[in-house]
Amino acid sequence: MESRSPIKRIISIRGMGQVLTVTVGLIIICAIFGIINPIFLSWGNTSNLLRQIAPILLIGIGQSYVLITGNIDLSIGSVVGMGCMMSATLMTKGVSPFVSCLITMVACLAIGATNGVLVARFKLPPFIATLGTMTIARGIAQIVNNNYNTNSIGEGAQWFRDFFYYGKTLGIYNPVWIALVLWVVFNFILSSTATGRHIYAVGSNAEAARLSGVSTFGTIMKAYLISSFCAGVVGFVNCATSGAGTMDSGTSYEMYAVAAAVIGGVSTLGGTGILLGTVIGAAIWGVLQNGLQFAGAPVAWRNIVIGVIVIVSVLLDVLLRMGKKTKKTEVKQAGAKQNG
């Protein structure tokens, strides 16, 4: 039997076709913005652009895990805000940055665990369950400092700010390295471990996965915990960026997370998508925001463009699924007629 070429093997990877398509789109978008304003392609802008993309990639990774299981996490933006406010408030009270991050991450993971229990154990619709925890997390962000934004986290937390935002390693901002390392870890889990296979199985057919011995509760719980973990890290990034806690931190991030995932080919219907696509999806989001700014487009038009792209991406996914389902039905009916 003739072995397939490397290119055919790459294309045959589940979800790779969509990744290649959006990658071509990303290249075209970058070329257009580079022509409109050459500064867009300068190293200075590229370096800052990568730093802007990093937190979107992180929350996109978390949302991708949840979407692949066939669920959604609307609490992710509020968990970002809670992470920002809790860590900042603790640091302004004299708690060391390391301990502040540890305590805050435990609280973020508690939101993720709550989502997992509500969706997987009590069978609440994920939209309703995470809408509730979204409100709870935002409320926690508001009350941790008595409904006020915090003061500056101070010079004692300078290493915290450098590590999560301002510092550079090998000429690249640290948030980019953080996002890259976490992407490698979570991509390995999703693509090369039993946990990853279970996540795809649950998203494709939860009942079939359960009958084959997969713990649907444990799998969905892991997905929501990863989502909250990524959101907590982004909360630290936002805190380091401003040097203070802001109660509205993370607002609309749930939309950004979904955009990064679905633009990159992660299906909102579950069972499909790879994290490489999430990288491209986050990059497209960042490039559009940055490039439209260079082009002088108002913020309102930038939001409209992003919203349209998200709707089109999801619509294409639904139409492709419907087409495949119709084709399978026709094949089965043709086979039944032949047998009859």
**OP:** Could you look through region 220-246, keep only residues that are of a type in the set (Ser, Thr, Tyr) and touching a Gly at 6+ places or on another chain (Cβ under 9 Å), and pick out the one that is surrounded by the fewest Cβ atoms within 10 Å (Cβ to Cβ)?
**Re:** Thr246
Original post:
Hey, Asn71 hits all of (1) over 30 Å from Gly291 (Cβ atoms); (2) without any contact (Cβ under 8 Å) to a residue 60 or more places away in the chain; (3) not β-branched (Val, Ile, Thr) but one; which does it fall short on?
Top reply: (2)
Original post:
Which residues, counting only those in region 210-239, are small (Gly, Ala, Ser) and in a helix (DSSP H, G or I)?
Top reply: Gly218, Ala223, Ser227, Ser228, Ala231, Gly232, Gly235
**OP:** Within region 153-183, track down each residue that is farther than 21 Å from Ser78 by Cα and among the hydroxyl-bearing types (Ser, Thr, Tyr).
**Re:** Tyr166, Thr169, Tyr173
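A quick yes/no check of all residues on (1) surrounded by fewer than 21 Cβ atoms within 10 Å (Cβ to Cβ); (2) touching a residue at least 60 places away in the same chain (Cβ under 8 Å); (3) of a type in the set (Lys, Arg); (4) closer than 27 Å to Thr150 by Cα:
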| residue | (1), (2), (3), (4) |
| --- | --- |
| Ala54 | no, yes, no, yes |
| Leu58 | no, yes, no, yes |
| Val80 | no, yes, no, yes |
| Leu102 | yes, no, no, yes |
| Gly116 | no, yes, no, no |
**OP:** Being surrounded by 14 or more Cβ atoms within 10 Å (Cβ to Cβ) and small (Gly, Ala, Ser) is the filter; apply it to region 32-52 and report the residue that is farthest from Leu288 (Cα to Cα).
**Re:** Ser47
**OP:** Would you mind stating whether Lys168 is exposed (fewer than 14 other Cβ atoms within 10 Å of the Cβ) and within 24 Å of Ile56 (Cα to Cα)?
**Re:** yes
Subject >> All positions within region 86-107 that are hydroxyl-bearing (Ser, Thr, Tyr) and within 17 Å of Glu155 (Cβ to Cβ) >> reply: Ser87, Thr92, Ser96, Ser100
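Computed from the coordinates by the stated procedures, all read-outs in this text should not be read as laboratory data. Being a predicted model, the structure only gives us computed values, none of them experimental. We place every Cβ from the backbone using ideal geometry, glycine too, and count neighbours over all the protein chains shown.
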